[in-house]
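Engineer: One structure, as structure tokens, below. Some questions next.
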Amino acid sequence: MESALNQLKKHTVVVADTGDFNAIEEYKPQDATTNPSLILAAAKMPAYQHLVDQAIKYGIAIGGTEDEQVANTMDKLFVSFGLEILKKVPGRVSTEVDARLSFDKEEMVAKALRIIALYEEAGIGKERVLIKLSSTWEGIQAGRELEEKHGVHCNMTLLFSFAQAVACAEAKVTLISPFVGRILDWYKESTGRKSYEPQEDPGVLSVTQIFNYYKKFGYSTVVMGASFRNTGQVKALAGCDLLTISPSLLAELSQDHSTVTEMLKVEKAKASDLEKIHLDEKDYRWQHNKDQMATEKLSDGIRKFAADAIKLETMIKEKMLNVKNGK
């Protein structure tokens, strides 16, 4: 019997959820995704110090205030990791816009275009990059503008509610990343229930509903399940457009030889009894707000990504000071 990973690849595009290129090379995914937490972890590894050093030299050379130098260094570092990842995958890499901009549409657009320009300076066209944006109302509208006006493909992250998914589809963004594991975390904490079988897992059910809705009504936006806690969740979503999976779970799947069955199918989706809805800003905000889990997890996710971005900036400032002092 083939490995579960190889079986999964027949039904779904497998994406590596990591900033560690060595792991990417081992499991041969189609695409890869990063975020501030993953980049922070990778930037602490000795193997990647040369990328940090190069980014700092770049930031200093550009000049400006200390904050401007740090911001330019951060942009360069994220893109440098993306460039290395693109040497390992045939498809695309997702690079995230600073979570602290999550409620500022104009700044998100400007930062996204800056990231795309850095990729293009390195010879990588925008078709190989997905810009990750928080799925706030402002983030979704930034995604709409980037797709419509600039031809920049967007990956809407920190997605927990059906309202977020509907708004993203109506904005015609390229891809969404609903967070399976974090949804499960919330339900376990809130109900005191220790475990869920994959077919009743709240995160799995959420992604299944979104996939069915998109396919039933012919939206162009594709679904990439993310944030998995176990391989059971992954296998329960076989057939989803894409799944982004951590190296530890990719390793488990590569050693697992149980049968993987296609669970999500377009034909089943089209036969579902879902009804089409439209959300303007006030409808979106109300529907999202009614979902306690989604409201809490979105704000929590933004805070955590912002905290890791600040940790990365602090590390860069210390190293930058050492370079300027000749250490």
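Engineer: Using a 1.4 angstrom probe, figure out how much accessible area the chain has per residue, in square angstrom, rounded to the nearest whole.
Structural biologist: Solvent-accessible surface per residue comes out at 43 Å².
Engineer: Taking the dipole about the Cα centre of segment 1-90, with the C-beta of Lys and Arg at +1 and of Asp and Glu at -1, give me whichever of 14, 63, 32 is farthest to the positive side.
Structural biologist: 14
Engineer: Once the other residues with Cβ under 14 Å from the Cβ of residue 90 are scored (Lys, Arg +1; Asp, Glu -1), what is the net sum?
Structural biologist: On the way: positive: 9, 28, 87, 88, 92, 128; negative: 25, 31, 127.
Cβ neighbours under 14 Å give a net charge of +3.
Engineer: Protein chains only, probe 1.4 Å: how do 33, 261 rank by accessible area, largest first? Intermediate values should be presented prior to the final figure.
Structural biologist: Working: 33 5, 261 80 Å².
Solvent-accessible surface, decreasing: 261, 33.
Engineer: Mind checking which aspartates and glutamates have their C-alpha under 16 Å from residue 297, skipping anything on the same chain fewer than 8 residues away?
Structural biologist: Filter leaves 185, 189.
Engineer: Probe radius 1.4 Å, ligands and nucleic acids ignored: give me the carbon and sulfur share of the accessible area of the chain as a rounded percent.
Structural biologist: Values: 7110 of 14000 Å².
Accessible surface attributable to carbon and sulfur in the chain totals 51 percent.
Engineer: List the residues, sorted by chain then number, that are 5 or more residues from residue 222 or on another chain and whose placed amide H is less than 5 Å from its amide H.
Structural biologist: Here the answer is 175, 176, since their amide H atoms fall under 5 Å of that of residue 222.
Engineer: Based on alpha-carbon centroids, what's the gap between segment 199-221 and segment 36-108 in Å, whole number please?
Structural biologist: The distance from the Cα centre of segment 199-221 to that of segment 36-108 comes to 32 Å.
Engineer: Can you give me the P(r) profile for the chain? Cα pairs, bins 10 angstrom wide beginning at 0, each as a whole percent.
Structural biologist: Using 10 Å bins, I get a P(r) of 6, 26, 35, 23, 8, 2, 0 for the chain.
Engineer: Let me ask something additional. What does the helix-only formula give at 222 nm for the chain: each DSSP H stretch with n ≥ 4 adding -39500 (n - 2.57), the total divided by the residues, and the result rounded to the nearest 500 deg cm²/dmol? Don't skip to the end; give the middle numbers.
Structural biologist: Details: 15 runs with 188 residues, N = 327.
Calculated mean residue ellipticity at 222 nm is -18000 deg cm²/dmol.
Engineer: Which order do 153, 278 take by accessible area at a 1.4 Å probe, largest first?
Structural biologist: Numbers: 153 55, 278 125 Å².
Reading off the accessible areas and sorting them downward yields 278, 153.
Engineer: At what distance in angstrom do the alpha carbon centres of segment 250-291 and segment 163-180 lie from each other?
Structural biologist: Using only Cα atoms to place each centre, the spacing works out to 11 Å.
Engineer: Take the chain, connect every pair of alpha-carbon atoms lying under 10 Å apart with a spring to form a Gaussian network, then pick out the residue of 132, 216, 87 with the largest mean-square fluctuation.
Structural biologist: 87
Engineer: Relative to the compact-globule scaling 2.2 N^0.38 Å, provide the ratio for the alpha-carbon radius of gyration of segment 95-228. Mind dumping the intermediate values first?
Structural biologist: Working: Rg = 15.8 Å, N = 134, 2.2 N^0.38 = 14.1 Å.
Relative to the rule-of-thumb radius for its length, segment 95-228 sits at 1.11.
Engineer: If you don't mind, another one. Just the accessible area for residue 37, please: 1.4 Å probe, Å², rounded to the nearest 10?
Structural biologist: Estimated to the nearest 10 Å², residue 37 gives 40 Å².
Engineer: Over the alpha-carbon set of segment 170-312, divide Rg by the Kirkwood Rh and report the Rg/Rh ratio to two decimals.
Structural biologist: Details: Rg = 16.1 Å, Rh = 16.6 Å.
Looking at segment 170-312, the ratio lands at 0.97.
Engineer: Residue 130's amide H: which non-local residues (gap 5+, or another chain) put their own amide H closer than 5 Å, with H modeled 1.01 Å from N in plane and none for Pro or chain starts?
Structural biologist: Under 5 Å from the amide H of residue 130: 93, 94, 95.
Engineer: By a straight-distance test (C-alpha under 15 Å), which aspartates and glutamates pair with residue 215 as possible cross-link partners, with residues fewer than eight away in the same chain excluded?
Structural biologist: Once the sequence-local aspartates and glutamates are set aside, what remains near residue 215 is 170, 241, 267, 273, 275.
Engineer: Give the accessible area for residue 62 in Å² (nearest 10); use a 1.4 Å probe, count only protein heavy atoms, and leave out ligands, DNA and RNA.
Structural biologist: Approximately 90 Å² for this residue.
The values are calculated or read from the model by the stated rules, or taken from the named source; none is laboratory data. All values reported here derive from a predicted model rather than from experimental measurement. Using ideal geometry, Cβ is built from the backbone for each residue, glycine included, and neighbour counts are taken over all protein chains shown. The protein model used for the area step is the full one, side chains on, heavy atoms only, and it has no ligands, DNA or RNA in it. Shrake-Rupley method; radii C 1.70, N 1.55, O 1.52, S 1.80 Å.
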